[in-house]
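Comments concern the structure below.
FYI, it's all coordinate maths here, none of it is from the lab. Quick caveat, the model's predicted, so the values are computed rather than measured. Note that we place each Cβ from the backbone using ideal geometry, even for glycine, and neighbour counts take in every protein chain shown.
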Amino acid sequence: MPGDLVLIAGNANRQLALEIAVSLGTRLAAAEVSQFSDGEVCVQVNDNVRGADIFVLQPTCPPVNQNLMELLIMIDALRRASAFRITAVLPYYGYARQDRKVQPRVPITAKLVADLIAAAGAHRVLSMDLHVGQIQGFFNIPTDHLFAAPVLLQYFQQRLAQHDWADLVVVAPDAGGVERSRAFAKRLGTSLAIMDKRRTGAKESRSMRVIGEVRGRDAILLDDIIDTAGTVLQAVSALKEEGARRIITSCTHPVLSGQAVERLDRSEIEEVVVTNTIPLPEDPQSKKITVLSVAPLLAEAIHRIHTETSVSSLFV
């Protein structure tokens, strides 16, 4: 049987790790994760972890390669320190959008990263809102896939109870997000609309038209990731052309690379609701962004994994 629960974190999202530790009533294990002068990652675990049940919290968010190497090296260090079990906790799974071959002679990097994590010595993985569900099958070790929907739903249900919105519709930004948006709309008791989007390149997309009734209605544009915000803004333009009234966008993972924050600020979006799976850029900060914490949800999953109890009720 595994020993004590030990939570350890790299540098990717220390604040989330601290919140999870508080929820679990524990502390972060003492570890130094730094770099040599040439940029190589250096890890030193300062607590005794022999026989322990280790949970390594490290989203592979930007800088993706740096954070991924930190994760792999921490796992290796813990394995060599005789940890009983190592669970890689990735609130955000980098390279998830490279999940299939869309052109000849391109990699499936999401599978490569899964192989690297297992090869480093992880015994299981805990992640949240993977870009596509089939990534679970890329791992040859147990994988628990949580959803941030309960956290987001609670926020929107509170807003609905306050009569902030009327005649609400949930909008899927593309065909891939229909299942997520349909379940969200069902829980909110609202209708569903879908953006008919055609992608013109690896980094470009163009929203063509709206399928569903949005005229005169408030819309929640629901996605898993906002990166450059290009897709979101194109969807907003299409929704406005179709007569949507107020537009709120929501996502689990606020990557917000490049000028995304400034573009969202200048847009007609009223509010951007995100979670803290990824730390937001400190500068500039946007008054439109509302951040919800997934720490209690992740802490509950970690507790259930440690105690060998079911986590299936959290997969909603």
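Can you give me the three principal axis dimensions of region 1-71 from its C-alpha atoms, in Å, biggest first?
Principal extents (largest minus smallest coordinate, Cα): 38, 23, 18 Å.
In region 85-150, which trypsin sites (Lys or Arg not before Pro) fall in coil by DSSP and have 13 or fewer other Cβ atoms within 10 Å?
Sparse-neighbourhood loop trypsin sites (Lys or Arg not before Pro): 100, 101, 105.
Given H placed on each backbone N at 1.01 Å, which residues far from residue 289 in sequence or on other chains put an amide H within less than 5 Å of it?
Sorted by chain and number, the residues that satisfy this are 272.
Among 265, 167, 38, which comes first, then next, by fewest other beta-carbon atoms within 10 Å?
So the ranking, lowest neighbour count to highest, is 38, 167, 265.
Treat region 215-281 as a sphere of radius equal to its Kirkwood radius over Cα pairs and apply Stokes-Einstein at 25 °C in a medium of 0.890 mPa s; give the translational diffusion coefficient in µm²/s, rounded to a whole number.
205
With the contact rule set at Cα under 8 Å and sequence spacing of 6 or more, what percent relative contact order holds for the chain?
It comes to 14 percent, rounded to a whole number.
What is the distance in Å between the Cα centres of region 1-60 and region 153-182?
35
Apply the Karplus curve 6.51 cos²θ - 1.76 cosθ + 1.60, θ = phi - 60°, to the phi angles in region 158-168 and return the couplings in whole Hz, x for Gly and Pro.
Taking θ as phi minus 60°, the curve returns 5, 5, 5, 5, 8, 6, 6, 10, 9, 6, 7 Hz for region 158-168.
Students often forget the sequence filter, so: which lysines lie under 25 Å Cα-Cα from residue 288 once same-chain residues fewer than 8 apart are removed?
Result set, ordered by chain and number: 203, 240.
Mind checking the alpha-carbon convex hull of the chain and giving the volume per residue in Å³?
Dividing the Cα hull volume of the chain by its residues yields 140 Å³.
I'd like the trypsin sites (Lys or Arg not before Pro) in region 1-55 restricted to DSSP loop residues with at most 12 other Cβ atoms within 10 Å, sorted by number.
When the trypsin sites (Lys or Arg not before Pro) of region 1-55 are filtered for loop state and at most 12 Cβ neighbours within 10 Å, 27, 50 remain.
How large is the translational diffusion coefficient of region 39-143 in µm² per second when you combine the Kirkwood radius over alpha carbon pairs with Stokes-Einstein at 20 °C and 1.002 mPa s?
Result for D is 151 µm²/s.
More than 19 angstrom separation, counting every C-alpha pair in region 120-245; what % is that?
The answer is 54 percent, as a whole percent.
Quick one: if the Förster radius is 45 Å, what FRET efficiency do residue 304 and residue 34 give, using the C-beta to C-beta distance and rounding to 0.05?
Approximately 0.85, to the nearest 0.05.
Once you've got the GNM for the chain with C-alpha springs shorter than 10 Å, pick whichever of 232, 45, 170 has the biggest mean-square fluctuation.
45
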